[in-house]
Every structure is written in structure tokens, then in C-alpha cells.
1. Which count do you get for residues in segment 1-34 that are modelled with pLDDT of 95 or more and either in contact with a Phe, Trp or Tyr (Cβ under 6 Å, 6 or more places away or on another chain) or aromatic (F, W, Y) (or both)?
2. Do we have S67 as under 16 Å from M119 (Cα atoms) and hydroxyl-bearing (S, T, Y) here?
3. For segment 184-257, list the helices (runs of 4 or more DSSP H) that sit wholly inside it and hold at least 1 residues that are in contact with a Phe, Trp or Tyr (Cβ under 8 Å, 6 or more places away or on another chain), within 22 Å of A143 (Cβ to Cβ) and among the polar types (S, T, N, Q); which are they?
4. Which numbered condition in (1) surrounded by 16 or more Cβ atoms within 10 Å (Cβ to Cβ); (2) of a type in the set (K, R); (3) closer than 23 Å to I21 by Cβ; (4) modelled with pLDDT of 90 or more is the only one that K242 fails?
5. From I195, I272, which residue is modelled with pLDDT under 95 and surrounded by fewer than 18 Cβ atoms within 10 Å (Cβ to Cβ)?
6. Quick check: is even one residue across segment 58-66 touching a helix residue (DSSP H, G or I) at 6+ places or on another chain (Cβ under 6 Å), in a helix (DSSP H, G or I), surrounded by fewer than 24 Cβ atoms within 10 Å (Cβ to Cβ) and in contact (Cβ under 8 Å) with a residue 40 or more places away in the chain?
7. Right, E99: acidic (D, E) and more than 30 Å from M201 (Cα to Cα) or not?
8. Mind listing just one residue for me: the one in segment 106-132 that is in contact with a Gly (Cβ under 9 Å, 6 or more places away or on another chain) and more than 25 Å from T229 (Cα to Cα) and, of those, surrounded by the fewest Cβ atoms within 10 Å (Cβ to Cβ)?
Amino acid sequence: MEDDRTPKPVVIITGCSTGGIGHALACAFAEKKCRVVATSRSRSSMAELEDDHRFLLEELDVQSDESVRRVVDAVVETYGRIDVLVNNAGIQCVAPLAEVPLSAVQNSFDTNVFGSLRMVQAVVPHMATRKKGKIVNIGSVAALASGPWSGTYTASKAALHALTDTLRLELGHFGIDVVNVLPGAIKSNIGDSAIASYNRMPEWKLFKPFEAAIRDRAYFSQKSKSTPTDEFARNTVAAILKEKPPAWFTYGHYSTVMAIMYHLPISVRDFILKKAMKC
């Protein structure tokens with residue numbers, strides 16, 4: 001166990017597979033001299049971090065109580081503390097709500113919402129004891145103006161936003177900062193994983209005529225103007241590591257647009273979203 005006076009913050013990040021936002025955040029925290037615990041469901045998905053002494057790699061399934069407890073206990077045993085938790089693990093779900101299998105909706109919420117809360121409940125006792133810590137939940141600007149074909153994903157992220165706001169108020173008493181990070185369109189592997197998930201969906205009945213538009217939604221955030229992942233990660237980590245981090249932090253392509261959309265009259269917002277998503 002390390003001396004608690006060691007200045008290097010200990011950071012746990014979920015969802016650190018190569019090519020994703022979590023992986024980039026792990027590297028950005030390491031550049032800031034943090035001790036990074038990079039986690040993923042499969043250790044092999046983080047293989048390029050394997051021989052880098054700045055990282056401790058752990059297999060972690062956020063849907064499993066036992067897995068979460070094992071990793072959190074191991075980190076506390078190794079480093080003596082947890083300074084920052086970044087709940088990044090998340091999955092996309094592209095499908096019309098009227099026909100999406102409820103099992104797919106449940107899986108999305110189990111990862112994006114309940115997985116994040118499971119991690120929070122595991123680390124808060126350690127942070128509260130020290131009267132110090134930061135919890136960072138990775139939401140999405142998409143939840144500011146929920147459009148067609150991604151209702152499951154945006155609903156789960158909206159739920160996470162609400163949980164984050166409540167946690168910020170409740171945990172402030174224990175010296176714990178809570179930050180809601182809303183990425184814009186950031187280069188990552190989310191499009192590929194969304195399509196892989198989409199290919200397992202049943203054939204649409206009512207929404208068969210919209211199939212091309214629905215598939216296109218999976219890659220919407222990965223168009224040419226998407227913000228580079230490392231740029232997003234550097235700016236996000238700089239905000240998180242501030243002595244007084246912001247309650248909400250958003251960065252990336254479409255961030256400003258979606259903030260404006262949030263405040264538009266509903267009729268105008270609906271018109272824009274239906275046109276953009278070919279609905």
C-alpha cells in the first residue's frame with residue numbers, strides 16, 4: 001500500500017478498450033502523472049497499454065457486483081485510495097423505440113446507468129472516509145435533444161445526467177466533487193460497436209422504410225468533422241483535475257449546436273431533428 005501523501009492521483013476509468021474515449025482519457029490522465037487503473041471487460045482490448053508502467057490493467061464488468069467489488073478492493077489495497085472515478089463504459093443502441101427488443105433496452109440501461117451507479121456506490125465509502133474525491137460520469141450531448149433512432153441511448157444518458165446532478169448535491173457534504181461530462185461528436189469506435197449491435201436486431205416491420213436512415217444514425221457522430229479523441233481527452237482531463245472542477249463540462253463537435261437545440265421551441269427542435277435524421 002502506498003503512502004497517502006503520494007501526490008499522484010489514483011484514477012479508475014471504465015470502458016478503456018483501444019479506439020474509444022476511455023482509452024484516450026486513460027492516456028491523458030497518465031500524461032498528467034496520474035496513476036491510472038484502466039479497465040475493460042476484456043484485458044486483451046487494452047493490449048497496447050499492457051507494458052506501460054503508468055497503467056494498472058483490470059478486467060471489469062460494470063454489470064457485475066462481484067467484478068466491481070473485486071477491482072475496487074484491489075485498487076484500494078494497491079494504492080491506499082481512489083481519487084477519481086470516471087464512469088465511461090457505455091453502449092450505443094440504434095433502433096426505433098416501438099420495435100426495439102426490450103432486452104436491448106435493458107442491457108443499455110444496465111451498462112450506461114446501473115453500471116455507473118454500481119461503481120459510484122463501490123467507491124464512495126472510500127472517498128467519504130478521506131473527505132476527498134471526484135466522480136466523473138460520461139453523458140452525451142445527444143441527450144440534450146433526443147432525436148429519432150437513438151431513443152434508448154439518449155434516454156439512458158439523460159437518466160445518467162439526472163443521477164449526476166443529484167449525486168453532486170448529495171456527495172458534496174463528503175468533499176466529493178461530481179462532474180457531468182457531455183462529449184460532442186468525438187472520433188471513437190462507438191460507430192462500429194453500434195453497427196455490430198444493430199446487426200443483431202430483428203427485421204423491422206413498421207419501420208422497414210426507414211432502415212437506411214436508422215443504420216446511418218449509428219455513424220452520425222463519426223463523420224468527417226468529429227473532434228479527435230486525444231484533443232477531447234486532453235481538454236476533459238484538464239477540467240477534471242482542476243481544484244474546483246466544473247459541474248458540467250462539454251467539448252467536441254456539435255456541443256454548441258446541441259446546447260442551442262436544448263433551448264429551442266419544441267416544434268422547431270422537432271423539425272430540425274426529423275430533417276437531420278430522415279424521419
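The values are calculated or read from the model by the stated rules, or taken from the named source; none is laboratory data. Quick caveat: nothing in here was measured; it's all calculated off a predicted structure. Backbone-built Cβ (ideal geometry, glycine too); neighbour counts: all protein chains shown.
1. Residues that pass the stated criteria total 3.
2. Details: under 16 Å from M119 (Cα atoms): yes; hydroxyl-bearing (S, T, Y): yes.
In short, yes.
3. Of the helices (runs of 4 or more DSSP H) lying wholly inside segment 184-257, those with at least 1 residues that are in contact with a Phe, Trp or Tyr (Cβ under 8 Å, 6 or more places away or on another chain), within 22 Å of A143 (Cβ to Cβ) and among the polar types (S, T, N, Q) span 229-240.
4. Of everything listed in (1) surrounded by 16 or more Cβ atoms within 10 Å (Cβ to Cβ); (2) of a type in the set (K, R); (3) closer than 23 Å to I21 by Cβ; (4) modelled with pLDDT of 90 or more, K242 misses just condition (1).
5. Step by step, each of I195, I272 is checked, and only I195 is modelled with pLDDT under 95 and surrounded by fewer than 18 Cβ atoms within 10 Å (Cβ to Cβ).
6. The initial filter retains those residues of segment 58-66 that are touching a helix residue (DSSP H, G or I) at 6+ places or on another chain (Cβ under 6 Å), namely 58-63.
Next, only the ones that are in a helix (DSSP H, G or I) stay: none.
No, that holds for no residue.
7. Answer is no for this residue.
8. K131
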